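The values are calculated or read from the model by the stated rules, or taken from the named source; none is laboratory data. Remember, it's a predicted structure, so these values are computed and weren't measured experimentally. Counting neighbours? That spans all protein chains shown, and the Cβs are built from the backbone with ideal geometry, glycine included. Accessible surface areas use protein heavy atoms only, side chains included; no ligands, DNA or RNA. Shrake-Rupley method; radii C 1.70, N 1.55, O 1.52, S 1.80 Å.
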Amino acid sequence: MTKIVNHWIGGKTVEGASGTYGPVTNPATGEVTTKVAFATVDEVDAAVAAAKEAFASWGQSSLAQRTSILFRFRALLDAHRDEIAELITAEHGKVHSDALGEVARGLEIVDLACGINVQLKGELSTQVANRVDVSSIRQPLGVVAGITPFNFPAMVPMWMFPMAIACGNTFVLKPSEKDPSASLKLAELLAEAGLPDGVFNVVHGDKVAVDRLLEHPDVKAVSFVGSTPIARYIHTTASANGKRVQALGGAKNHMLVLPDADLDAAADAAVSAAYGSAGERCMAISAVVAVGAIGDELVEKIRERAEKIKIGPGDDPASEMGPLITAAHRDKVASYVSGAAAEVCEVVLDGSAYTYEGAGHENGHWIGISLLDKVPTTAKAYQDEIFGPVLCVLRAETYDDGVALINSSPFGNGTAIFTRDGGAARRFQLEIEAGMVGVNVPIPVPVGYHSFGGWKDSLFGDHHIYGNDGTHFYTRGKVVTTRWPDPADAPAGVDLGFPRNH
């Protein structure tokens, strides 16, 4: 029997009323295993109404109450991490170790939210004038929403809602309809941890649900992670409706390899960063820029390593890379490789025709490893965010040429440099136009107490996600100026016991 994933509204499962369902496939088999209910406008409104009602008390709750619930949630999340990883593998296709890593990175943000009392401390200036004090405080916004992508169905929601609810907001999550089950498990664990009904809600669906969240007058802020065209749409539409927005878009992350770099370490990093999670990561390295005469040697080292990657079902412990999320996405990724030679790229490895022969997996969304060398910047494989296991290698004569090439990209999410030269690394981190920089680190995703976010077409809005930016995004500042009369100046006839001889 096909599983049905419904909504979570007001602390309980709510069956979809629209009659419209989306298919959820097991990418390793191509089989439709689940149907997910698509919300109507009325169902989105019901979730927002439940969140608004819950905010009346949750927004006034003590920090001790909020953090104690989050501590319990963290313990439950840790205890159920394997179960959540299995749900991710079954619907996304990534290997179990990748799925466990995703949960672990989400746990980092829960850790941060458990200590939110430190981040919410205000400021106080005393005696700015005679008996006048000024304080700054931060207060929650109200109902906030998160719209999250398929590639990290547990981690990216946890980049958002732990911070939001720790700050006193209530939350409505619209996860990807391609792999929705992890979000429901998170909702159940939050309820088990004691989170009051309505503080966290989940509605599934398509553009109907998204647009209603963007226009709903009771939604005060929207967080989004996804492609650049949709991020731009989210930012424009939500902003036009008076909402605060953080919309993280796509990427074309470069890795600059200088002639003095440890080429074995650089090749190891390029392979793991390009092909991990089948390249379905916004922080994947999809372009290596080889500087000087090292290009041929570096490409050969990458090829040797890439050919050894074992591709198979995510639930097979021997697999190092799983299938892509859908057949349509697999075909799109393959088209970049099949058209590469016509765009003067040298096709070193072509994985577009890869198939997995295991019984029951013949119809899975399989694709192999592809490596393109001497890629011109005019090639579509370089210009577009492919979001698959395709690595482009570009050549640059000098450090300056490499930096100019990277900075000319419309994307500015993450980047990395591999070198032994500290001076070159220092120049790179200051000159490169990207929001996250790695020095001999290929995927520089910040730890939870620093913020994640890019530049240029990789971010729309003023705030990065989680860290200090997350706290500021989910709260608004208030400044209070106070003057109290001195008790010694009390009206005649009122004696508070204070001396009057000063």
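Odds and ends about this structure:
- Taking region 141-167 as the range and being buried (at least 24 other Cβ atoms within 10 Å of the Cβ) and over 12 Å from the mean Cα position of the chain (by Cα) as the test, the residues that pass are Val143, Val144, Ala145, Pro162, Met163, Ala164, Ile165, Ala166, Cys167.
- The combined condition, being more than 26 Å from His365 (Cβ to Cβ) and either modelled with pLDDT under 95 or of a type in the set (Val, Ile, Thr) (or both), is fulfilled by Val110.
- Test for Val41: is it modelled with pLDDT of 95 or more and touching a strand residue (DSSP E or B) at 6+ places or on another chain (Cβ under 8 Å): no
- Within this structure, Asp211 passes the test of being assigned to a helix (DSSP H, G or I) and either of a type in the set (Asp, Glu) or open to solvent by less than 10 Å² (accessible area, probe 1.4 Å) (or both).
- Scope region 21-60; condition small (Gly, Ala, Ser) and within 18 Å of His365 (Cβ to Cβ); matching residues: Gly22, Ala28, Gly30
- If you go through region 337-382 and keep only what is without any contact (Cβ under 8 Å) to a residue 40 or more places away in the chain, out of contact with any Gly (no Cβ under 9 Å at 6 or more places or on another chain) and over 22 Å from Ile406 (Cβ atoms), you end up with Ser338, Ala341, Ala342, Val347, Glu357, Ala359.
- Residue match in region 98-119 (condition: open to solvent by 10 Å² or more (accessible area, probe 1.4 Å), in contact with a strand residue (DSSP E or B) (Cβ under 9 Å, 6 or more places away or on another chain) and β-branched (Val, Ile, Thr)): no
- Residue within region 188-207 that is open to solvent by less than 20 Å² (accessible area, probe 1.4 Å), part of a helix (DSSP H, G or I) and touching a helix residue (DSSP H, G or I) at 6+ places or on another chain (Cβ under 9 Å) present: yes
- Flag if Lys94 is assigned to a loop (DSSP other than H, G, I, E, B) and loosely packed, with under 15 Cβ neighbours inside 10 Å: no
- Filter pass, Lys52 being basic (Lys, Arg) and more than 15 Å from Glu177 (Cβ to Cβ): yes
- Residues of region 1-27 classified as within 24 Å of the chain's Cα centre (by Cα) and either modelled with pLDDT under 95 or crowded, with 19+ Cβ neighbours inside 10 Å (or both), total: 9
- Within region 228-259, the set of residues being polar (S, T, N, Q) and closer than 24 Å to Leu405 by Cβ comprises Thr228, Asn253.
- Val48 being assigned to a strand (DSSP E or B), out of contact with any Cys (no Cβ under 6 Å at 6 or more places or on another chain) and at pLDDT 95 or above: no
- Residues that are part of a strand (DSSP E or B) and surrounded by 15 or more Cβ atoms within 10 Å (Cβ to Cβ), drawn from region 120-138: Asp133, Val134, Ile137, Arg138
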